[in-house]
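Some notes on the structure that comes next.
The values are calculated or read from the model by the stated rules, or taken from the named source; none is laboratory data. These figures come from a predicted structure and were not determined experimentally. Ideal geometry is used to build each Cβ from the backbone, glycine not excepted, and the neighbour counts take in all protein chains shown. Ligands, DNA and RNA are stripped out before the accessible areas are found, and what is left, the full protein with its side chains, is counted by its heavy atoms. Shrake-Rupley method; radii C 1.70, N 1.55, O 1.52, S 1.80 Å.
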Amino acid sequence: MLKRRTSITTGTVAEHCEVTYETVKNWIRQDKLPAYETPGGHHRILITEFNDFLERYGMPAYEDPAAHKPRILVVDEDEILTSTMSDYFTKVVDYECATASDGYEAGVKIVKFEPDLVILDLIMPNMNGFEVCEKIKSSKETDHILVLVITGHPEVGNNDSIVACGADEVLAKPFKMDALNGIVEKLFAKRKTRRRSVR
C-alpha cells in the first residue's frame, strides 16, 4: 500500500502553477508560500498549505498526490552522470526515474517504463542519440514522449540539426542540475498547456 504524501517539492509546485522553479523560491522567500527545509537543505511544502495558497490566489486546487508522477528515462553511457541525474530527480524533485546506457537498452526501457521524458546523450555506442530520437518521434506509440538532448560534443551537430531529428530541447554539457531541472519543468509545463488548449 502506498503511503500518502503530506508534502510536495518545489518542482511539483512549479509544475502545477506553470511557473519556474525560481518563482516558487521567490514565493517562499517573500513568505507567500509556507515551506520547511529538509536536513539536506531542500524545501518542502505541506499539501494543506499549498492548497490554502492556491485558493488565496485563485488558482486550481492541487490534485491527489497519489496521481501519476512524471517519469524520466536518462540515457547516457556515463554511469556516474546517469546515477547523479536519477538520484536528483527521484530524491529532490520526486519524479520516477530509470536509466539506460545505450540506444538499444533505451528502446527496451521506453516500452517497459513508458517515460514522459527521455534525457538523451548524443554520443553513445551501438545506436546514437540522433537515431534514438528519430525512432521515438516517428512512432505513433511514442511520439508524445518529450526528448531533451544533452551533448558535450557541439561539433557533432548544431542545435538546428538536433531539433530537426525531433528533440524538444537541447542542453550542452557540462551543466548544473538546477539548470537541467529548469528545462525539464519548462517542457512539462508546455505539454500541460498544450493539453489544456486542445480540450
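Overview of values
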| read-out | value |
| --- | --- |
| Wholly enclosed helices (runs of 4 or more DSSP H) of segment 121-199 bearing at least 2 residues at pLDDT below 75, touching a strand residue (DSSP E or B) at 6+ places or on another chain (Cβ under 9 Å) and open to solvent by 40 Å² or more (accessible area, probe 1.4 Å) | 159-164 |
| Where Lys32 falls short, out of the listed (1) over 19 Å from Met177 (Cβ atoms); (2) in contact with a Lys or Arg (Cβ under 9 Å, 6 or more places away or on another chain); (3) not in a loop (DSSP other than H, G, I, E, B) | (3) |
| Odd one out for Glu77, checked against (1) open to solvent by less than 60 Å² (accessible area, probe 1.4 Å); (2) over 16 Å from Ser7 (Cβ atoms); (3) in contact with an Asp or Glu (Cβ under 8 Å, 6 or more places away or on another chain) | (1) |
| Top-ranked residue in segment 93-116 [being open to solvent by less than 30 Å² (accessible area, probe 1.4 Å) and among the aliphatic types (A, V, I, L, M); ranked as farthest from Ile136 (Cα to Cα)] | Val93 |
| Selection within segment 49-68 - loosely packed, with under 12 Cβ neighbours inside 10 Å and either touching a Pro at 6+ places or on another chain (Cβ under 9 Å) or not in a loop (DSSP other than H, G, I, E, B) (or both) | Glu55, Arg56 |
| Pairs where the first residue, in segment 118-144, is without any contact (Cβ under 8 Å) to a residue 24 or more places away in the chain and the second is assigned to a helix (DSSP H, G or I), C-beta under 8 Å, 6+ apart | Asp143/Ile136; Asp143/Lys137 |
